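What follows is calculated from the coordinates using simple rules that are stated; it is not laboratory data. If you're wondering where the values come from, they're calculated on a predicted model, not measured in any experiment. Heads up, the Cβs are rebuilt from the backbone with ideal geometry, glycines too, and the neighbour counts pull from every protein chain shown.
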Amino acid sequence: MAYFKEIVTKAVIGKGKRVTTSTHTIKPNNKPDTVLGCWIINHSFNGKSVNNDVYVDGKYDVNVWYSYDADSKTDVCSDTFTYSDRMNVPITTNTNLTSSKEIIVNSLSDPNVVDVSINGTDITFTVRKELGVEIIGDTKMRVNVSDDFDDYQEIYEDDINDDVLKDIDESINEDYIKEENTNQE
């Protein structure tokens, strides 16, 4: 006779991703003539739930290499920028986000500078990043359970043959390690 049981387990109950661009301005110590390079390092982030919405808070350091004094000297200016992105994460079950839910954030595309320009004494740049979010929570699975072991008895008898197991046991050389050590000396 077959019947169903419900199993409570952890599973991905919501998943989403978002591409964002943001524009920042940095003020170098000298009036820039040319931007020679702009890169992002030390990207860190975490997810949190606020009023049943998912937010990713993060920060990264931006380094801008530029020339000044009629392109005769160079310098690097650095600054740390923070962000808080609201993520659209559809949840597969009718549930609220609570502290018991785990929010996993992945950087699908690391932040990189897609545009940079000089505006007087400031350097303006645009950063693009792609983040993915998974929400882990409790869910239920229904499993068909059979309490009639006779249906499976034939399968187990076919898979396990006592004669084969006996032959294997008899062919084991219990002194193998001792013999190998003796041969190596």
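Amide H to amide H, with H built 1.01 Å from N, Met87 comes under 5 Å of Val54, Tyr55, Val56, counting only residues 5 or more places away or on other chains.
How many Å³ per residue does the convex hull of the Cα positions in the range 21-138 occupy?
Working: hull volume 11.6 nm³, N = 118.
Cα-based convex hull of the range 21-138, divided per residue, equals 98 Å³.
In terms of distances greater than 25 angstrom between alpha carbons, the cross-link table entries Lys10/Lys48; Lys31/Lys129; Lys10/Lys129 yield Lys31/Lys129; Lys10/Lys129.
Provide the packing ranking of 29-36, 69-76, i.e. peptides ordered by the mean count of other C-beta atoms within 10 Å per residue, highest first.
Most protected by this proxy first, the peptides run 29-36, 69-76.
A simple spin-label model places the labels of Asp115 and Lys73 3.2 nm from each other, with each point 7 Å out along Cα-to-Cβ.
Please give me the summed charge of the neighbours of Asn88: other residues whose Cβ is under 13 Å from its Cβ, Lys and Arg +1, Asp and Glu -1. Write out the running numbers ahead of the final one.
Values: positive: Lys15, Lys17, Arg18, Arg86; negative: Asp53, Asp85.
Every neighbour counted, the sum reads +2.
Given the convex hull of the Cα atoms of the range 6-75, what is a quarter of its surface area in nm²? Write out the running numbers ahead of the final one.
Working: hull surface 30.1 nm².
With every direction weighted equally, the projected area is 7.5 nm².
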